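These notes are about the structure you will find just below.
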Amino acid sequence: MAKKKPKLAVWKFASCDGCQLSLLDCEDELLALAEEIEIANFPEASRAFIKGPYDLSLVEGSITTPHDAERIHKIRRSSKFLVTIGACATAGGIQALRNFKDVNEFISIVYANPSYIDTLQKSTAIADHVRVDFELRGCPINKAQLLEVISAYLNKRKPVTPAHSVCMDCKRKGIVCVMVSKGDPCLGPVTHAGCDALCPSYNRGCFGCYGPKEIPNTSALSKEFKRLGKTNEEIKLAFRSFNGYAEPFRKESEAHEE
Amino acid sequence: MDKPSVIDKEDLNKLIAKLNQQGYKTIGPTIRGEAIVYDRISSIEDLPEGWTDEQGPGHYRIKKRNDKALFGFNVSPHSWKQFLHPPEKKLWTAEKNGSSFKIIPEELENPKFAFIGVRSCELHAIAIQDKVFIQGPHIDSVYQINRKDLFTVAVNCGQAGGTCFCVSMQTGPKVNSEFDLALTEVLEKDKHYFVVETGSDRAQSIIENLDLRTAENQELKIAEEIIDNTAQNMGRFLDTEGIKETLFENLEHPRWEEVANRCLSCANCTMACPTCFCSTVEDVTDITGDHAERWQKWDSCFTMDFTYIHGGHVRNSTKSQYRQWMTHKLASWIDQFDSSGCVGCGRCITWCPVGIDLTEEVAAIRKSDKTKIDNI
């Protein structure tokens, strides 16, 4: 008898779909993946839906509505192993910029009929609501890292997704530091690796898409940004992007509010 | 060895061609983007003629010189370590075979490197890594094969960089360790030549074919003066007197906390350092689990995983990480490998994004040396 394949489900919350698209983007590996795992729910790929429980759930997006705040609990209950994928699910995403303001003001400006809008004051990470077994970083996630997480799950090992700085990847790739050689501000020294140093490879500073690295020293980096001529406002905005609500980045941007 | 000879700038091409003819892969300084890096070169056209670098703490810029010097700069961002001890290497693959598996080792190939333009500090760094990788009881086979036929064309530094302190470490600027050829670049009003010293038999046989003339005493004198001048213009100074004891006796010095406030624990210093040798091993499988690979990658004592053992991280603060790095480099290295782990190339200072200066940190600790103060 063929062994029973584990069931994979992909869930979407407030997000742009880019992270689950990374799974669909694994073109060369999708067939092999389908051999090893049963894709039970993946609306971006197929309308087929297989009932839970699920062995592995990939959760994309942040919690922004009362309805979603309920739904994530149901998903957690039906998932043995729950992995969040991307900056929205792990840090609230770009939509967490609302957290620094009053969302009701936005609603009144943006929507003709604000009474139809039922939203939460803040956009929050999945881990703020339910227990998360593993967080995969990135905006969007790196498909090679996604495959690594799935492979590790299937082979019962720890995924190799190091939490060190982007700088280590730059140096291993032989990229010349943009901050030291050009004076361009770069978030690489405080940012979690995983993108394979994408922006510095194209001679640009890191935007921090993978969020804070382990023990990030954001204030020391901000001091250096100042020395390079950046204003408080510019420093605030540098930290306040896709991972702006991840705590170390949030605190650093708040420290530069004027 | 024989009396030094002289090679004209254009004839350097013959040397490079000769090395290529003999199957060497010639690597040397060349401009890439906004830096002078070490990469494949095939002629002197590839060298950074007329360029120099300006280095300071957390600062590097390349600038035009007002002459046509080929080696008129200091050290490149990434050391030669990248070739001998590659940042990432596959060690083996494994294929599942029923209930067992078969390990297939990587096939190693001798790259037969010839490094053109190796500085004295860098030769010392290579010698230190030799000790670590091939002279101890455990041989690193990748390093061993990359190092096997290495031919070094060293260059005596004609200028000191802003973060250089080889004089303090007694590692330069004049080449004083094992080399094949050592050049001193001389630029005079209408002359551009190199004084060439020969350091090995194989180098002797190579230059014999190049028809070089013997250096005149005046030329040797000029070359010496150039190197002396470099020695007198070091950008940095490190007092190494009793450094091991000083650091060991100051493990609780408040300066460690202070530097940790500035340190990003980004690991740039360790990656740029030509002697830092730590690596990690990563095992990966494919989706099916039938195929696995083991990779070795540069690691750093500035990562949390580096000291993760059962129960937690041995060093879980930037303070303990920085202290570990510096005390190992400058102190416990001496016990472990009979020399300092620092060659004074200044890369850790230049390539620190926030410009932390190791020489300044040591000086600060010395200034308020706990033990000394207590004894007064």
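Read the figures in this text as sums done on the coordinates, not as results from a lab. Bear in mind the structure is a predicted one, so any value in this text is a computation, not a measurement. When we count neighbours, we look across all protein chains shown, and the Cβ atoms used for this are built from the backbone with ideal geometry, even at glycine.
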(request) Report the net charge of residues surrounding A:ASP118, where surrounding means a beta-carbon distance below 13 angstrom and charges are Lys +1, Arg +1, Asp -1, Glu -1. (result) -2
(request) Note down the nm distance, to one decimal, between modelled labels 7 Å out along Cα→Cβ at B:GLN144 and at B:LYS189. (result) 5.7 nm
(request) Report the residue, chosen from B:GLU258, B:GLU178, B:GLU224, that carries the largest GNM mean-square fluctuation when chain B is represented by alpha-carbon nodes joined by springs under 10 Å. (result) B:GLU258
(request) Estimate the FRET efficiency between B:VAL281 and A:GLU247 by the formula 1/(1 + (r/R0)^6), using the beta-carbon distance for r and 25 Å for R0, to the nearest 0.05. (result) 0.20
(request) With a cut-off of at most 16 other beta carbons within 10 Å, and DSSP calling the residue loop, which chymotrypsin sites (Phe, Trp or Tyr not before Pro) in the stretch A:179-222 qualify? Please list them. (result) A:TYR202
(message) Please compute, for peptide B:59-65, the average count of beta-carbon atoms on other protein chains lying within 10 Å of each residue's beta-carbon.
(response) 2
(message) Counting other beta carbons within 10 Å of each residue's own, what order do B:GLU185, B:GLU49 fall into, fewest first?
(response) B:GLU49, B:GLU185
(request) Place a label point 7 angstrom from the Cα of B:GLU216 along the Cα-to-Cβ direction, then list the residues of the stretch B:1-24 whose backbone nitrogen is under 17 Å away. (result) B:4-9
(message) Using Cβ counts within 10 Å as a stand-in for footprinting exposure, how do A:GLU60, B:GLU109 rank, fewest first?
(response) B:GLU109, A:GLU60
(request) Compute the whole-percent fraction of alpha carbon pairs in the protein assembly as shown spaced more than 32 Å apart. (result) 56 percent
(request) Let me have the 222 nm mean residue ellipticity of the protein assembly as shown computed from DSSP H runs of 4+ only, each contributing -39500 (n - 2.57), with the sum over all residues rounded to the nearest 500. (result) -9000 deg cm²/dmol
(message) For chain A, compute Rg over Rh where Rg is the Cα radius of gyration and Rh is the Kirkwood radius from the inverse mean 1/r over Cα pairs.
(response) 1.00
(message) Let me confirm one metric for peptide B:266-277, namely the mean number of other chain beta-carbon atoms within 10 Å of its residues' beta-carbons.
(response) 4
(request) Please count, across the stretch A:1-88, the pairs of lysine residues with Cα atoms under 16 Å apart that sit 8 or more places apart or on different chains. (result) 9
(request) Under 13 Å from the Cβ of B:ASN176, count the other residues' Cβ atoms, weight Lys and Arg +1, Asp and Glu -1, and hand me the total. (result) -1
(message) What does the structure give for A:217-223 when I average, per residue, the other chain Cβ atoms found within 10 Å of the residue Cβ?
(response) 4
(request) Kindly state, to the nearest 0.05, the FRET efficiency for B:ASP290 paired with B:ASP338, given R0 = 51 Å and r defined as their beta-carbon distance. (result) 0.65
(message) Classify the stretch A:166-255 from the C-alpha gyration tensor, please: rounded if a/c falls under 1.5, else prolate or oblate depending on whether a/b exceeds b/c.
(response) oblate
(message) At 0.36 nm per residue, and after removing the present C-alpha to C-alpha distance, how many nm does the segment from B:ASN13 to B:SER368 gain when stretched out fully?
(response) 122.5 nm
(request) Name the most mobile residue of A:GLY188, A:GLY211, A:GLY52, meaning the one with the largest mean-square fluctuation, in a Gaussian network model of chain A with Cα contacts below 10 Å. (result) A:GLY52
(request) Can you check what the net charge comes to around A:LYS158, using other residues whose Cβ is under 14 Å from the Cβ of A:LYS158 (Lys, Arg +1; Asp, Glu -1)? (result) -4
(request) First measure r as the distance between the Cβ atoms of B:GLN22 and A:ASP196, then evaluate 1/(1 + (r/R0)^6) with R0 = 35 Å and state the FRET efficiency to the nearest 0.05. (result) 0.45
(message) Could you list B:TRP333, A:TRP11, B:TRP92 so that the one with the fewest beta carbons within 10 Å of its beta carbon is first and the one with the most is last?
(response) B:TRP92, B:TRP333, A:TRP11
(request) Have a look at A:GLY93, A:GLY138, A:GLY174 and tell me which one the Gaussian network model of chain A (Cα, springs below 10 Å) gives the largest fluctuation. (result) A:GLY174
(request) Quote the relative contact order of chain B in percent (integer), defining contacts as alpha-carbon pairs under 8 Å separated by 6+ residues. (result) 21 percent
(message) Test of understanding: extend the Cα→C-beta vector of A:LEU237 to 7 Å, then name every residue of the stretch A:101-145 with backbone N under 12 Å from that spot.
(response) none
(request) If a/c stays under 1.5 just call it rounded; otherwise compare a/b with b/c (prolate if a/b is bigger, oblate if not). Do that for the stretch A:72-179, with a ≥ b ≥ c from the square roots of the Cα gyration tensor eigenvalues. (result) oblate
(message) Binning at 20 angstrom from zero up to the longest distance, how are the C-alpha pair distances of chain B distributed in percent?
(response) 26, 53, 19, 1
(request) Could I have the simple spin-label model distance between B:SER177 and B:LYS3, label points 7 Å from Cα toward Cβ, reported in nm to one decimal? (result) 3.1 nm
(request) May I ask you to list the residues of the stretch B:146-176 whose amide nitrogen lies under 18 Å from a point 7 Å from Cα along the Cα→beta-carbon direction of A:ARG227? (result) B:162-164
(message) Could you compute how fast the stretch A:7-154 diffuses translationally, taking Rh as the Kirkwood radius over C-alpha pairs and applying Stokes-Einstein at 20 °C with viscosity 1.002 mPa s? Give it in µm² per second.
(response) 135 µm²/s
(message) Just to be sure I understand the model, the point goes 7 Å from the Cα along the line to the Cβ. What's the resulting B:LYS63 to B:GLU224 distance in nm?
(response) 3.1 nm
